[in-house]
1. Based on the Kirkwood radius over alpha-carbon pairs, what is the Stokes-Einstein translational diffusion coefficient of region 213-252 at 25 °C with 0.890 mPa s viscosity, in µm²/s?
2. Can you work out ³J(HN,Hα) from phi for every residue in region 392-402, in order, using Karplus 6.51 cos²θ - 1.76 cosθ + 1.60 and θ = phi - 60°, giving whole Hz and x for Gly and Pro?
3. Mind giving me the FRET efficiency for Glu230 and Lys373? R0 is 41 Å, r the Cβ-Cβ distance, nearest 0.05 is fine.
4. When only DSSP loop residues count, what trypsin sites (Lys or Arg not before Pro) in region 210-259 have their Cβ near at most 10 other Cβ atoms within 10 Å?
5. Classify region 233-376 as rounded, prolate or oblate from the Cα gyration tensor: take a ≥ b ≥ c as the square roots of its eigenvalues, call it rounded if a/c is under 1.5, otherwise prolate when a/b beats b/c and oblate if not.
6. Using the alpha carbon gyration tensor of region 284-334, what are the three equivalent-ellipsoid semi-axes (square root of 5 times each eigenvalue), largest first, in whole Å?
7. Of the listed peptides 316-325, 380-389, 116-125, what is their order by residue-averaged count of other C-beta atoms within 10 Å, with the highest listed first?
8. Suppose R0 equals 35 Å. What FRET efficiency, 1/(1 + (r/R0)^6) with r the Cβ-Cβ distance, do Ala60 and Arg307 give to the nearest 0.05?
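Every number here is computed from the coordinates shown, using simple stated rules; none is lab data. Bear in mind that the values here come from a model prediction, so they are computed numbers and not experimental data. Cβ placement follows ideal geometry from the backbone for every residue including glycine, while neighbour counts extend to all protein chains displayed.
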Amino acid sequence: MIRAGKRVLLALLVVSVVDIVGSGCATDIGEDASVRREALESRMRDWGVADAPAVKAKRAELDAAVAHESDSPILDTIEVRATARHEDDEKLKMLVRLPVEDYLGASAERAARRAETEVRLAQLGEVALKHRVRTCVPELEQLVHAERMKNFRSYVKRQQAMLDQNQKLRDAGQLDQIAALRFELVGHVKLARNRPVPPARVLELDPDAKPTIVLPSLRRKNPGLADSLEVVHEQVVRNNPEIDEFRARGKEFNARAQKKSVSRYPSVRYLGFGIEPVAYPGDKRQIEAQVAFNIPFGRGANAGARRYRSLALGQENAERAFVQRRVQETRAALEEINHFRSQSGHWRDLLARADKAEKAADRWWKKRLAGPKAISQLVDEVFDARSTVVDAQERAGYATCAVLSRTGLTVDEWPQ
């Protein structure tokens, strides 16, 4: 009966070892995370940011998380002991022990590590998006400045002609000196005041590189973008990588809470097998088996589980607040874009009127149908009209950059 009990104990120990080893097997990165990583790497190559130093740093952190996810959290060592005993006989006993690390919490630990990998993947997406967005505003400012300089050069050409003519008439005594001097002073003040201020130089911008954005167009068919609460909420949640980080951290905290919860229960601490390598003639070789259990009180585990559940709940609430803020900001940007697009006909008409007035000013000037002051005032109005359109394009351009930074989508990718 005793011999049968030993056999049962040995069988249980063998089954336990197989079960524990199976639970501790290493796994690769999750299939879903692997697919998302491949998609992200493809987007980063399309964006031209795959080799940016900040992106490389985050990619290394992701690789480290993948490596951490793949190692075994249960069995990693084996302990071998030798005992010499001398009573009536000298005997040598060998003992092999398998320390077991947190057997019950292994599944939760793997889930936590997988969630940590998802956190790093989301952070890689965030850095890539920020790297892509960082040049949006500087490039927009360069494009706007180029348009303003184009308008200003046309303005300067005509205003300078008026100033030159004014000076000739004044020198010839055909104009009142005070009126002529006042016209000259006002003209130079307008030229100085209307000269566009160049944007601050951005070292990250390559002056020879082709801009990745364009000024909002004034095409005839310029439909508005979908800006309903439901659509904006869906696009923010689906495409903003920071949402994935909130959710992945929530998963990690829930897994940590689960690990703390199961640590309240008794678990195997180690498994041991003993054997006498050499037996005396006529003696039977002795074999023994050992098992140790860890029986916790559970107070610390309960507190730890509550802590991680609170942290997980905090991530849920932080995600809601983040989404609400991003939805509001995105809708405000879409409203600016849609307003600009709805006024495309008005902007085109304004530019057409400015072109017509400029041609009239040139014609009057060549045929001397009006004096410098009258023509100068008309040129001022032409300059203001074109500047008004550029200002509207600039506001819509800033809104375009805002949509990209808040959602990760360009206006061309946004549903209509």
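1. 188 µm²/s
2. So the Karplus estimates, Gly and Pro as x, are 5, 5, 5, 4, 5, x, 4, 5, 4, 5, 5 Hz.
3. After rounding, the FRET efficiency stands at 0.10.
4. Filter output for region 210-259: Arg219, Arg220, Lys221.
5. In terms of gyration-tensor shape, prolate.
6. One finds semi-axes of 54, 16, 3 Å for region 284-334.
7. Taking the mean over residues of other Cβ atoms within 10 Å, the ranking is 116-125, 380-389, 316-325.
8. Computed FRET efficiency for Ala60 and Arg307 comes out at 0.70.
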